[in-house]
Amino acid sequence: MSIHEDENLLLQSIYGKYQGLLRRIAKTLNVPDLELDDVVQETFISYFENYSLTWSDTRKKSMLIKILKRKCIDSLRRNGHYEKVSIDEEDASNEMAMLARYVVTDPLEVVLGEESVLKITSEISNMRDEWKEMAVLYFLEQLTIPEICEKLEIPGTVCRSRIYRTRVCLKNILGPNYNAD
(Lines give C-alpha, C1' and ligand atoms only; values in the text may rest on other atoms or scores of the structure.)
Protein backbone atom coordinates (compact mmCIF):
# COMPACT_ATOMS: atom_id res chain seq x y z
CA MET A 1 0.00 0.00 0.00
CA SER A 2 1.19 3.52 -0.78
CA ILE A 3 1.41 6.36 1.73
CA HIS A 4 -1.55 8.02 0.01
CA GLU A 5 -3.70 4.89 0.43
CA ASP A 6 -2.66 4.58 4.10
CA GLU A 7 -3.63 8.19 4.70
CA ASN A 8 -7.01 7.68 3.00
CA LEU A 9 -7.73 4.67 5.21
CA LEU A 10 -6.76 6.67 8.30
CA LEU A 11 -9.01 9.56 7.23
CA GLN A 12 -11.91 7.16 6.63
CA SER A 13 -11.45 5.49 10.01
CA ILE A 14 -11.37 8.84 11.85
CA TYR A 15 -14.47 9.99 9.97
CA GLY A 16 -16.30 6.73 10.65
CA LYS A 17 -15.41 6.76 14.32
CA TYR A 18 -16.45 10.34 15.13
CA GLN A 19 -19.05 11.51 12.60
CA GLY A 20 -22.02 10.11 14.58
CA LEU A 21 -20.89 11.76 17.81
CA LEU A 22 -20.32 15.10 16.04
CA ARG A 23 -23.78 14.95 14.46
CA ARG A 24 -25.39 14.34 17.88
CA ILE A 25 -23.49 17.23 19.45
CA ALA A 26 -24.38 19.57 16.55
CA LYS A 27 -28.02 18.54 16.90
CA THR A 28 -27.98 19.34 20.64
CA LEU A 29 -26.48 22.74 19.80
CA ASN A 30 -29.63 23.42 17.72
CA VAL A 31 -28.07 23.24 14.26
CA PRO A 32 -30.97 22.68 11.82
CA ASP A 33 -31.15 19.20 10.24
CA LEU A 34 -30.47 20.58 6.76
CA GLU A 35 -27.17 22.06 7.93
CA LEU A 36 -25.90 19.17 10.09
CA ASP A 37 -23.98 17.44 7.32
CA ASP A 38 -22.33 20.69 6.21
CA VAL A 39 -21.21 21.58 9.74
CA VAL A 40 -19.81 18.08 10.37
CA GLN A 41 -18.03 18.03 7.01
CA GLU A 42 -16.52 21.47 7.63
CA THR A 43 -15.31 20.24 11.02
CA PHE A 44 -13.48 17.27 9.51
CA ILE A 45 -12.02 19.39 6.70
CA SER A 46 -10.69 21.91 9.21
CA TYR A 47 -9.23 19.14 11.37
CA PHE A 48 -7.62 17.30 8.44
CA GLU A 49 -6.10 20.53 7.09
CA ASN A 50 -4.68 21.75 10.39
CA TYR A 51 -4.03 18.92 12.84
CA SER A 52 -2.19 15.63 13.13
CA LEU A 53 -3.91 12.42 12.09
CA THR A 54 -1.72 10.45 14.47
CA TRP A 55 -2.81 12.17 17.70
CA SER A 56 -4.27 10.00 20.46
CA ASP A 57 -8.00 9.27 20.26
CA THR A 58 -8.71 11.53 23.23
CA ARG A 59 -6.84 14.45 21.69
CA LYS A 60 -8.48 13.93 18.27
CA LYS A 61 -11.93 13.74 19.84
CA SER A 62 -11.49 16.87 21.96
CA MET A 63 -10.10 18.89 19.03
CA LEU A 64 -12.90 17.73 16.71
CA ILE A 65 -15.50 18.76 19.31
CA LYS A 66 -13.83 22.14 19.82
CA ILE A 67 -13.81 22.78 16.06
CA LEU A 68 -17.41 21.57 15.77
CA LYS A 69 -18.65 23.97 18.45
CA ARG A 70 -17.16 26.92 16.60
CA LYS A 71 -18.54 25.71 13.26
CA CYS A 72 -22.00 25.34 14.87
CA ILE A 73 -21.88 28.87 16.26
CA ASP A 74 -20.72 30.20 12.87
CA SER A 75 -23.53 28.36 11.11
CA LEU A 76 -26.17 29.58 13.52
CA ARG A 77 -24.94 33.17 13.30
CA ARG A 78 -24.82 33.04 9.51
CA ASN A 79 -28.38 31.80 9.33
CA GLY A 80 -29.87 33.96 12.08
CA HIS A 81 -30.64 31.03 14.41
CA TYR A 82 -28.27 32.06 17.18
CA GLU A 83 -29.95 33.02 20.43
CA LYS A 84 -28.52 35.92 22.35
CA VAL A 85 -26.98 34.94 25.66
CA SER A 86 -28.99 35.90 28.70
CA ILE A 87 -27.36 37.07 31.86
CA ASP A 88 -30.47 36.25 33.86
CA GLU A 89 -29.45 33.87 36.69
CA GLU A 90 -32.05 31.25 35.80
CA ASP A 91 -31.03 31.28 32.12
CA ALA A 92 -27.35 31.08 33.00
CA SER A 93 -27.89 28.06 35.23
CA ASN A 94 -30.00 26.44 32.49
CA GLU A 95 -27.15 26.98 30.01
CA MET A 96 -24.66 25.47 32.46
CA ALA A 97 -26.96 22.47 33.01
CA MET A 98 -27.25 21.99 29.24
CA LEU A 99 -23.48 22.12 28.88
CA ALA A 100 -23.00 19.55 31.62
CA ARG A 101 -25.56 17.25 30.01
CA TYR A 102 -24.66 17.53 26.31
CA VAL A 103 -21.00 18.42 26.01
CA VAL A 104 -19.12 15.16 25.90
CA THR A 105 -15.58 16.30 26.69
CA ASP A 106 -15.84 19.59 28.51
CA PRO A 107 -12.28 20.50 29.56
CA LEU A 108 -13.44 21.45 33.04
CA GLU A 109 -15.09 18.04 33.53
CA VAL A 110 -11.99 16.21 32.35
CA VAL A 111 -9.65 18.14 34.62
CA LEU A 112 -11.79 18.72 37.68
CA GLY A 113 -14.59 16.18 37.71
CA GLU A 114 -18.29 16.70 38.14
CA GLU A 115 -18.13 17.94 41.74
CA SER A 116 -15.80 20.80 40.83
CA VAL A 117 -17.95 21.75 37.83
CA LEU A 118 -20.94 22.14 40.15
CA LYS A 119 -18.83 24.30 42.47
CA ILE A 120 -17.70 26.45 39.53
CA THR A 121 -21.27 26.77 38.24
CA SER A 122 -22.39 27.89 41.68
CA GLU A 123 -19.52 30.37 41.94
CA ILE A 124 -20.20 31.82 38.48
CA SER A 125 -23.83 32.41 39.44
CA ASN A 126 -22.61 34.29 42.54
CA MET A 127 -20.18 36.53 40.62
CA ARG A 128 -20.79 40.19 39.95
CA ASP A 129 -22.98 40.64 36.88
CA GLU A 130 -20.09 41.91 34.72
CA TRP A 131 -17.94 38.88 35.57
CA LYS A 132 -20.80 36.44 35.15
CA GLU A 133 -21.44 38.00 31.76
CA MET A 134 -17.79 37.49 30.79
CA ALA A 135 -17.75 33.90 32.08
CA VAL A 136 -20.70 33.08 29.84
CA LEU A 137 -19.62 35.02 26.75
CA TYR A 138 -15.86 34.45 26.79
CA PHE A 139 -15.31 31.10 28.49
CA LEU A 140 -18.54 29.25 27.64
CA GLU A 141 -19.70 30.80 24.36
CA GLN A 142 -16.06 31.37 23.32
CA LEU A 143 -16.77 34.71 21.68
CA THR A 144 -13.81 36.83 20.69
CA ILE A 145 -13.06 40.11 22.44
CA PRO A 146 -14.24 42.20 19.45
CA GLU A 147 -17.50 40.20 19.36
CA ILE A 148 -18.07 40.77 23.08
CA CYS A 149 -17.27 44.48 22.73
CA GLU A 150 -19.81 44.81 19.93
CA LYS A 151 -22.48 42.78 21.76
CA LEU A 152 -22.11 44.66 25.06
CA GLU A 153 -21.21 48.01 23.48
CA ILE A 154 -18.11 48.42 25.63
CA PRO A 155 -14.52 49.39 24.73
CA GLY A 156 -11.85 46.70 24.33
CA THR A 157 -9.95 47.81 27.43
CA VAL A 158 -13.04 47.37 29.61
CA CYS A 159 -13.70 43.96 28.07
CA ARG A 160 -10.13 42.74 28.60
CA SER A 161 -10.18 44.04 32.17
CA ARG A 162 -13.42 42.16 32.95
CA ILE A 163 -12.09 38.98 31.36
CA TYR A 164 -8.92 39.29 33.43
CA ARG A 165 -10.90 39.76 36.67
CA THR A 166 -13.17 36.84 35.79
CA ARG A 167 -10.14 34.65 35.07
CA VAL A 168 -8.58 35.61 38.43
CA CYS A 169 -11.84 34.80 40.20
CA LEU A 170 -12.03 31.39 38.47
CA LYS A 171 -8.39 30.74 39.29
CA ASN A 172 -9.10 31.41 42.98
CA ILE A 173 -11.97 28.91 42.85
CA LEU A 174 -10.05 26.25 40.94
CA GLY A 175 -6.70 26.58 42.64
CA PRO A 176 -3.14 26.65 41.31
CA ASN A 177 -3.64 23.94 38.63
CA TYR A 178 -6.11 26.11 36.70
CA ASN A 179 -5.05 27.25 33.23
CA ALA A 180 -7.59 29.36 31.31
CA ASP A 181 -6.53 29.60 27.68
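Here is how the numbers come out for the structure above:
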item: Neighbours by Cβ (under 6 Å, 6+ apart or cross-chain): first from the stretch 65-76, closer than 14 Å to residue 36 by Cβ; second of a type in the set (Phe, Trp, Tyr) and outside any helix (DSSP H, G or I); result: 76/82
item: The stretch 127-139 - residue that is outside any loop (DSSP other than H, G, I, E, B) and either surrounded by fewer than 15 Cβ atoms within 10 Å (Cβ to Cβ) or among the acidic types (Asp, Glu) (or both) and, of those, modelled with the highest pLDDT; result: 133
item: The stretch 146-166 - residue that is open to solvent by less than 70 Å² (accessible area, probe 1.4 Å) and in contact with a Phe, Trp or Tyr (Cβ under 8 Å, 6 or more places away or on another chain) and, of those, farthest from residue 68 (Cα to Cα); result: 162
item: Test: residue in the stretch 140-161 that is part of a helix (DSSP H, G or I) and modelled with pLDDT under 80; result: yes
item: Set 60, 27: member being modelled with pLDDT of 85 or more, of a type outside the set (Gly, Ala, Ser) and in a helix (DSSP H, G or I); result: 27
item: Qualifying residue in the stretch 92-112 (condition: at pLDDT 75 or above and either among the hydroxyl-bearing types (Ser, Thr, Tyr) or open to solvent by less than 50 Å² (accessible area, probe 1.4 Å) (or both)); result: no
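The values are calculated or read from the model by the stated rules, or taken from the named source; none is laboratory data. Since we're looking at a predicted model, the values are computed, not measured. Ideal geometry is used to build each Cβ from the backbone, glycine not excepted, and the neighbour counts take in all protein chains shown. Heads up: the accessible areas ignore ligands, DNA and RNA and are worked out on the full protein's heavy atoms, side chains in. Shrake-Rupley method; radii C 1.70, N 1.55, O 1.52, S 1.80 Å.
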